[in-house]
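The structure appears below as structure tokens.
The values are calculated or read from the model by the stated rules, or taken from the named source; none is laboratory data. What you see is a predicted model; the values in this text were computed from it and never measured. In this analysis, Cβ positions are derived from the backbone assuming ideal geometry, glycine residues included, and neighbour counts consider all displayed protein chains. Calculation scope for accessible area: heavy atoms of the full protein, side chains included, ligands and nucleic acids excluded. Shrake-Rupley method; radii C 1.70, N 1.55, O 1.52, S 1.80 Å.
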Amino acid sequence: MGKLGHYFWPKTALLFYVFEEKIHCAFGYIEEGEFDIEQRREIDLSDSSELTRWLEEIRQTYPKTYVCSMLDTTNQGAIPECSKASLEKYGIDAALVHTLCVDDSWLAYTSLVEMKWFEQRFKGVEFDLLYSPFVLLYRKCMPMLDRKPALFMLHQNGVVFFAVFSKERLWFAQVLIISPGAESEVAADMQEDEAVELAFDLEMIDEEVESISDADLLGEFKEDLEEERSGEDESAFELLEYNLNFFEEMKGALSRFYHDDRYSHDFIERVTIFDMDDLGGDLVRYIEDELFMKASLHSFDPIEVMAELVAHDLEG
Amino acid sequence: MSYSFIKPKRKPKIDSESRMIMLFGAVTALLIFGFTAYILLKRSSMQTEIVSMRTKTESFHLESMEFKKEIARIERLARKYDTISTNNTLMKESIQNLFDLVPDQITLTKAILDRNGLVLYGVTPSKDVYNYLLLAPLKSVFQRNVTTFYPLENGWWRFVSVNEGSIEAGSEVEE
């Protein structure tokens, strides 16, 4: 009867994650401890009801359909100890977070409010499994782990999930904000203004201009700058700026890892970046040149990793 | 061990349409099985009844045979009774006739009537009276007549008349 039920009504899952105003979805069957992706779709975030409709359509045929997603909120993290009591040590209020002990070794946590907000964000979708990006990162880097700690980063547009893992445990974890969402526009504008001012100052120094209070000269300079920036150059400049910010945030996090006494320390020689966006190779070069670390960049598909975890959680 | 923050919810094992179809199928199967069971039980009950009826029929048949035999016996008895009754009537008439034959002059002292014939003992005033008044009718009835006379002191004759022949005496009823 069980086999018959499994044949006619197999376990299926709908996996999705949100990236750049798009919901990336995948539907597939869970069979013999594996998840076979049948169909992939991209849905506009503004039309999230289409996701609900698709889910209803799937559930009519496959009642045992599980909904899984990656929790992409920023108020989350991980600590190297697997007890709730340890949260206080790291300045986290245990009452405000939801926790998950991973492999009896480390603890992933997320803000309860943000988790509820995430669940409410997709009305009509009843979540069955919610994965922390740190868990996805851990799963992805598992084959690369050895006794020496290494730095692994999962980059999603504007957010980096920064974690130091070795084979036995998690050493350090932090969420880095590179260009925050709504505030980022203001911040980005401010940064742009600062960049313009900086460029202006440098230009003034180079050309030995008399005074910055000269309004006509400022106007001329702005016009020249706009002319020079063509479309491609502009995006390349933005990427360069973004990579530099990323680099600075990463350096800051590394510094916290090395100097925070609450964490164990060891020298990190290897950096692996899993990229969901398109960072480019420059960042790897900065890291290698500036920090003298061995760096590598890999593309990251959360669906693939979630597929492994879903098969493990539902069949294992 | 789960890697998810939340636990998966329980899922229905089958979809609603299939559940309806399965329910319908189950009810249909139940009805079919129920009806089959009813028919089987009824069949078994009827088989038992048939066996019982056969036994009863055989019993009735035997009883019928016995009744037939009894009826035949009774009929035979009735026929025999009729025969005896007829014979007795005939005998009675014969005896009546016999006594009617005896003339007033002759006195009978004893008479034995059996299957073989009639034996008369009596007293006659003379042989002629006997011969003319009694022997003549006896001869017409019996095939053989033997008479023996014994003289008495007063001149009369004692006689013993043995008559054998056609008169059928009544027989006992045999069952």
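Could you grab me the full set of residues in the stretch A:18-42 that are among the basic types (Lys, Arg) and more than 18 Å from residue A:71 (Cα to Cα)?
A:40, A:41
Suppose the filter is open to solvent by 50 Å² or more (accessible area, probe 1.4 Å), out of contact with any His (no Cβ under 7 Å at 6 or more places or on another chain), in a helix (DSSP H, G or I) and in contact (Cβ under 8 Å) with a residue 60 or more places away in the chain; does residue B:69 pass it?
no
Just one of the numbered conditions (1) modelled with pLDDT under 85; (2) at negative phi is not true of residue B:103; which one?
Residue B:103 satisfies all of (1) modelled with pLDDT under 85; (2) at negative phi except (1).
Considering each of B:16, B:45, B:4, B:59 in turn, give the residue that is touching a strand residue (DSSP E or B) at 6+ places or on another chain (Cβ under 8 Å) and either surrounded by 10 or more Cβ atoms within 10 Å (Cβ to Cβ) or among the acidic types (Asp, Glu) (or both).
B:4
Regarding the stretch A:284-295, can at least one residue be identified that is on the phi > 0 side of the Ramachandran plot, more than 16 Å from the chain's Cα centre (by Cα) and not in a helix (DSSP H, G or I)?
Yes, because at least one residue in the stretch A:284-295 is on the phi > 0 side of the Ramachandran plot, more than 16 Å from the chain's Cα centre (by Cα) and not in a helix (DSSP H, G or I).
Table: residues versus (1) in contact with a Lys or Arg (Cβ under 7 Å, 6 or more places away or on another chain); (2) of a type outside the set (A, V, I, L, M, F, W, C).
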site: A:99; (1), (2): yes, yes
site: A:126; (1), (2): yes, yes
site: A:129; (1), (2): no, no
site: A:156; (1), (2): no, yes
site: A:160; (1), (2): no, no
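How many residues, within the stretch A:103-127, are of a type in the set (Phe, Trp, Tyr) and exposed (fewer than 14 other Cβ atoms within 10 Å of the Cβ)?
1
For residue B:31, which of the numbered conditions (1) modelled with pLDDT under 95; (2) of a type in the set (A, V, I, L, M); (3) assigned to a helix (DSSP H, G or I) fails to hold?
Here residue B:31 clears every test but (1).
Under 7 Å between Cβ atoms, which residue pairs at least 6 apart in sequence (or on different chains) link something in the stretch B:1-20 that is more than 7 Å from chain A (Cβ to nearest Cβ) and closer than 17 Å to residue A:58 by Cα with a partner that is open to solvent by 60 Å² or more (accessible area, probe 1.4 Å) and of a type outside the set (Val, Ile, Thr)?
From residues that are more than 7 Å from chain A (Cβ to nearest Cβ) and closer than 17 Å to residue A:58 by Cα, there are no pairs.
Report, by residue number, each residue of the stretch A:237-270 that is aromatic (Phe, Trp, Tyr), within 16 Å of residue A:165 (Cα to Cα) and open to solvent by less than 70 Å² (accessible area, probe 1.4 Å).
Result: A:257, A:263.
(1) over 30 Å from residue A:171 (Cα atoms); (2) surrounded by 20 or more Cβ atoms within 10 Å (Cβ to Cβ); (3) not charged (D, E, K, R): which one isn't true of residue A:79, the others all being true?
(1)
Taking the conditions exactly as written (assigned to a helix (DSSP H, G or I) and open to solvent by less than 30 Å² (accessible area, probe 1.4 Å)), does residue A:273 satisfy them or not?
It is false that residue A:273 is assigned to a helix (DSSP H, G or I) and open to solvent by less than 30 Å² (accessible area, probe 1.4 Å).
Condition first: within 14 Å of chain B (Cβ to nearest Cβ) and open to solvent by less than 20 Å² (accessible area, probe 1.4 Å). Can you find one or more residues in the stretch A:155-164 that meet it?
No: zero hits.
For the condition farther than 30 Å from residue A:253 by Cα and within 14 Å of chain B (Cβ to nearest Cβ), what is the one hit in A:55, A:112, A:107, A:100?
A:55
In the list A:57, A:50, A:42, A:38, which residue meets the criterion of being farther than 17 Å from residue B:10 by Cα, open to solvent by 20 Å² or more (accessible area, probe 1.4 Å) and over 27 Å from the mean Cα position of the chain (by Cα)?
Answer to the check: A:57.
What are the residues in the stretch A:128-177 that are basic (Lys, Arg), free of Cβ contacts under 8 Å to residues at least 60 places away in the same chain and touching a Leu at 6+ places or on another chain (Cβ under 7 Å), if any?
The answer is A:167, and nothing else.
Inside the stretch A:126-143, can you point out the residues that are away from chain B (no Cβ under 12 Å) and more than 19 Å from the chain's Cα centre (by Cα)?
Selection gives A:143 alone.
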